[in-house]
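Comments concern the structure below.
The values are calculated or read from the model by the stated rules, or taken from the named source; none is laboratory data. Every value quoted in this text rests on a predicted model; they were computed, and no experiment measured them. Please note: Cβ atoms are built from the backbone with ideal geometry, for glycine as well, and neighbour counts cover all protein chains shown.
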Amino acid sequence: MNPEVKAYNQHQTDNEIAVCNLLASILNEQMPEAENKIWHRHPVWFLDGNPIVGYSKLKAGIRLMFWSGVSFEEDQLTPGTGKFKDASIIYTSTDQIKKPVLKRWIAKSKEIQWDYKNIYKRKGKLVRLK
């Protein structure tokens, strides 16, 4: 695990550490080709410089967010607000994380991508890569 991500996880409560560590483990296992780092103060996985998935701590729990998640058409993922295509789910315990479901979402994240990497070059307009 990326040392910065490990440090991020260790700064959470015991239950949140377990959720973060499990998410990181599954993401690393399913996306070995991805770059993983702390970006905007939370762990994010990138493919070819494009943010794909990350998690962060909220009052309600650990939020797992897919940058192109709205396009996955998955009822369990809640769409973000605004013009972006993000969608997320909040976990409060490890038993809520269903590995087959998460693996399906990760597979979709590799196949369905909006170009967040170049959004500023396009003056805020999103273009679908895949």
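Check whether at least one residue in the range 53-76 is modelled with pLDDT under 95, exposed (fewer than 13 other Cβ atoms within 10 Å of the Cβ) and in a helix (DSSP H, G or I), and report yes or no. So far as the range 53-76 goes, no, none of its residues is modelled with pLDDT under 95, exposed (fewer than 13 other Cβ atoms within 10 Å of the Cβ) and in a helix (DSSP H, G or I).
Residues in the range 15-57 that are among the acidic types (Asp, Glu) and in contact (Cβ under 8 Å) with a residue 24 or more places away in the chain: 2 in all. For the range 58-77, a residue qualifies if it is within 20 Å of residue 16 (Cβ to Cβ) and without any contact (Cβ under 8 Å) to a residue 12 or more places away in the chain, and exactly one does: 59.
Every listed requirement among (1) part of a strand (DSSP E or B); (2) farther than 19 Å from residue 97 by Cα is met by residue 33 save one, (1). For the range 6-42, residues that are in contact with a Leu (Cβ under 7 Å, 6 or more places away or on another chain), under 15 Å from residue 95 (Cβ atoms) and buried (at least 18 other Cβ atoms within 10 Å of the Cβ) total 1.
Scan the range 29-46 and tell me whether some residue there is at pLDDT 95 or above, out of contact with any strand residue (DSSP E or B) (no Cβ under 9 Å at 6 or more places or on another chain) and under 12 Å from residue 109 (Cα atoms). Looking for residues that are at pLDDT 95 or above, out of contact with any strand residue (DSSP E or B) (no Cβ under 9 Å at 6 or more places or on another chain) and under 12 Å from residue 109 (Cα atoms), one finds at least one in the range 29-46, hence yes.
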